[in-house]
Amino acid sequence: MASVVSNPNALVGPPVRSKSLVERIMAGLLTLIGSLDGMLLAAAFIEQNLLLIIGLVIVIIVMFGISWLLLNMTRVVLVVGLVIASIAVIPLWIWLANIELKPIDAAITAPTSAEMVTMKSTIRGKVSDPNAQVHVLIHPLATQETWVQQSPIVGRDGTWQTAVFFGTPTLGIDEDYEIIVLATRENFIINFVTGNSLKPGQVLTQLPERTNKSQVITVHRIK
């Protein structure tokens, strides 16, 4: 037959007494004092080992920088290479822009000055070097712009001819035009740097300074 427990405290132990308000305040003060002691100790340690701490910080920063460089070495090398290349290109560009071009004699043989032309006419000329690249330019005197025409094919004897346009069917009638020919025999880089790399249909506001020029022929469009 089960026995009845007459004293419940025998199983669960004596009741736990809750801390009073004064005890909790005292415990908080002791914790705060302990925290202040820890802060004072930390401050003293930092003061005594300041140089060591600074050294450790510098080492960490340097190691981080080295790690970043190693991880981004390709990017760093590319940036440095671009900077060096940019610095080197400037004097090279200046030298190429002022290089002495091969001298070529260029002349316009037809039409002649004061001759009458139509909107589409044929220009003929001759250069001293049959391997020269020839550009025919048309400059309406009513404007400041010059139009690059279709480049002619130079024959073995240096003669060439090409069709050019003086204005449009409705514009440029009864006006004066200048014809000028440029001739060079240089590679693409030198032609580009000196402004002699011209394309048909290109509009110029000024002519290349370093080039071989023909005489200027002035004609008048009648229709």
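Here is how the numbers come out for the structure above:
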{"quantity": "So residue 140, is it in the same structural domain as residue 214 (by TED's automatic domain parsing), within 30 Å of residue 171 (Cα to Cα), touching a residue at least 12 places away in the same chain (Cβ under 8 Å) and out of contact with any Leu (no Cβ under 7 Å at 6 or more places or on another chain)", "calculated": "yes"}
{"quantity": "Matching entry among 180, 222 (being touching a residue at least 40 places away in the same chain (Cβ under 8 Å) and crowded, with 18+ Cβ neighbours inside 10 Å)", "calculated": "180"}
{"quantity": "Which listed residue is among the aliphatic types (A, V, I, L, M), closer than 20 Å to residue 199 by Cα and in contact with a Pro (Cβ under 9 Å, 6 or more places away or on another chain), from 179, 138", "calculated": "179"}
{"quantity": "Condition check for residue 157: farther than 18 Å from residue 106 by Cβ, assigned to a loop (DSSP other than H, G, I, E, B) and at pLDDT 95 or above", "calculated": "no"}
{"quantity": "Residue match in the stretch 178-187 (condition: basic (Lys, Arg), in contact with a Leu (Cβ under 9 Å, 6 or more places away or on another chain), in a loop (DSSP other than H, G, I, E, B) and closer than 22 Å to residue 132 by Cα)", "calculated": "yes"}
{"quantity": "Exclusive hit being within 29 Å of residue 97 (Cα to Cα), loosely packed, with under 12 Cβ neighbours inside 10 Å and in contact with a Ser or Thr (Cβ under 7 Å, 6 or more places away or on another chain), set 144, 206, 149", "calculated": "144"}
{"quantity": "Check on residue 172, surrounded by fewer than 17 Cβ atoms within 10 Å (Cβ to Cβ) and of a type outside the set (Phe, Trp, Tyr)", "calculated": "no"}
{"quantity": "Filter pass, residue 167 being out of contact with any strand residue (DSSP E or B) (no Cβ under 6 Å at 6 or more places or on another chain), buried (at least 16 other Cβ atoms within 10 Å of the Cβ) and farther than 25 Å from residue 97 by Cβ", "calculated": "yes"}
{"quantity": "Number of the condition not met by residue 191 [criteria: (1) free of Cβ contacts under 8 Å to residues at least 60 places away in the same chain; (2) within 30 Å of residue 94 (Cβ to Cβ); (3) loosely packed, with under 14 Cβ neighbours inside 10 Å]", "calculated": "(3)"}
{"quantity": "Which numbered condition residue 201 fails, given (1) at negative phi; (2) part of a loop (DSSP other than H, G, I, E, B)", "calculated": "(1)"}
{"quantity": "Subset of the stretch 141-158 (residues that are farther than 14 Å from residue 199 by Cβ and not hydroxyl-bearing (Ser, Thr, Tyr))", "calculated": "141, 142, 144, 145, 152, 153, 154, 155, 156, 157, 158"}
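The values are calculated or read from the model by the stated rules, or taken from the named source; none is laboratory data. This is a predicted model, so every value here is computed, not measured. Glycine also receives a Cβ, built like all others from the backbone with ideal geometry; neighbour counts cover every protein chain displayed.
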